[in-house]
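Shown next, in structure tokens, is the structure this report addresses.
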């Protein structure tokens, strides 16, 4: 392993989930009906309206790229997170039988995936900051705020840290929440593996594992959706800030 190492499990799962997302939405788009749409078309239309209303509430400029980007980010991250609800040993055991000793099924528990998406958003923020304000305007924001021209070094330090913190916080927030959720699933699974025989303690451990697994899975559905929504919303907010010119 090294800096240029490629995590094939993360790459394959991310690519597979992205292809599934594009296939489903493209299929719905090419088979739409106006009269009585099926449940899948209703779901896709609801999802598009939900994302569109969220973008309208957070993005005040005009850019036709932002809403499709937000839709892609929300569903791609959501599908990555949703893999955490698959029992933790099913896919790794299957891959082990096929000769793959290690396989991570949840891409968002790999910081390489979350930082990759966050860096992509960061590059878009830099691009639109320069495009909308000009290079001089962008540098002016970094060096002239909040203390004016006499405080340039301090301004640059504060604004530079604020700028770099955006992709770091975006990546670590998603990774930290999903990794912690996966660890809790593993700890709950170990409870079931620790029971020995049909003693009172063993039966209690086994029953506790079932109840805790069910409760945490239900609660985790909220976390999975919320983290995808937060990643999407922050992306839109950062792009909106890149389109605004401060005076």
Legend entry - Gain on full stretching of the segment that runs from residue 149 to residue 208 - 0.36 nm per residue minus C-alpha separation: 15.0 nm
Inset, instruction - Give the Cα extents of the chain along the principal axes, in whole Å, largest first. - result: 75, 55, 34
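If we sort 154-161, 32-39 on the protection proxy, mean other Cβ atoms within 10 Å, highest first, what's the order? Numbers along the way, then the final one.
Details: 154-161: 13.9, 32-39: 8.6.
Those peptides, ordered most packed to least, come out 154-161, 32-39.
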Legend entry - Computed helical MRE - 222 nm, the chain, DSSP H runs ≥ 4 contributing -39500 (n - 2.57), nearest 500: -27500 deg cm²/dmol
Legend entry - residue 223 versus residue 86: modelled label distance in nm, points set 7 Å from Cα along the beta carbon direction: 1.9
Inset, instruction - At 7 Å along the Cα-to-beta-carbon direction for both residue 97 and residue 230, put a label point, then send me their distance in nm to one decimal. - result: 3.7
Inset, instruction - For an R0 of 45 angstrom, estimate the FRET efficiency from the Cβ-Cβ distance between residue 36 and residue 159 and round to the nearest 0.05. - result: 0.25
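What order, most packed first, do the peptides 13-19, 45-51 have when packing is the mean number of other Cβ atoms within 10 Å of each residue? Intermediate values should be presented prior to the final figure.
Details: 13-19: 16.0, 45-51: 14.3.
Put in order of decreasing packing, that is 13-19, 45-51.
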Legend entry - Efficiency of FRET between residue 139 and residue 168 - r from beta-carbon atoms, R0 30 angstrom, step 0.05: 0.90
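For 4, 76, what's the fewest-to-most ordering of other Cβ within 10 Å of each Cβ? Present the calculation step by step, with values, prior to reporting the outcome.
Working: 4 5, 76 22.
Lowest count first: 4, 76.
What FRET efficiency do you get for residue 132 and residue 56 if R0 is 22 Å and r is their Cβ-Cβ distance, rounded to the nearest 0.05?
With R0 = 22 Å, the Cβ-Cβ based efficiency is 0.70.
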Legend entry - Mean Cα-pair separation over length for region 8-243, i.e. relative contact order, pairs under 8 Å, 6 or more apart, %: 28
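Read the figures in this text as sums done on the coordinates, not as results from a lab. Note that this is a predicted model, so its numbers are computed, not measured. Cβ sites come from the backbone with ideal geometry, for glycine too, and all protein chains shown count toward neighbours.
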